[in-house]
Amino acid sequence: MQDNRILTDRVLIVDRVSLNKAQAQIASCEKCKPDLAEILIESVLDEITGSNPASTTYFFLEPIPCPSCAEPITENSLVEWDGGVELKV
Ligand SMILES: [Zn+2]
């Protein structure tokens, strides 16, 4: 199902395929939309990879460029999720 490589039971190396999927679900980041970016990028990856949020730490092979401002999004960034179940107005 997934092509992510698990090095340990806790750290998930996020490959380019998953990073691209994550980027496709991001609308903006905390740097360009601090009021809207309330979701940890890790939560997006939990959805994409089907991982347990409580026991998974992500390691990005490379930062994701924000689709809005092109600033690098890293493991601890907050983002605006464009593909989830968040209420939108
Ligand atoms: Zn941004």
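Name the single residue that is surrounded by the fewest Cβ atoms within 10 Å (Cβ to Cβ) among those in the range 40-69 being aliphatic (A, V, I, L, M), more than 16 Å from the ligand (Cβ to nearest atom) and not in a loop (DSSP other than H, G, I, E, B). Out of the qualifying residues, it is Ile48. Condition first: assigned to a loop (DSSP other than H, G, I, E, B) and under 10 Å from the mean Cα position of the chain (by Cα). Now tell me which residues in the range 70-79 satisfy that. Selection gives Thr74, Glu75, Asn76, Ser77.
Here, each number is a calculation from the coordinates, and none is a lab measurement. Fair warning: this is a prediction, and the values are worked out from it, not measured in the lab. Note that each Cβ is placed from the backbone with ideal geometry, even for glycine, and that neighbours are counted across all protein chains shown.
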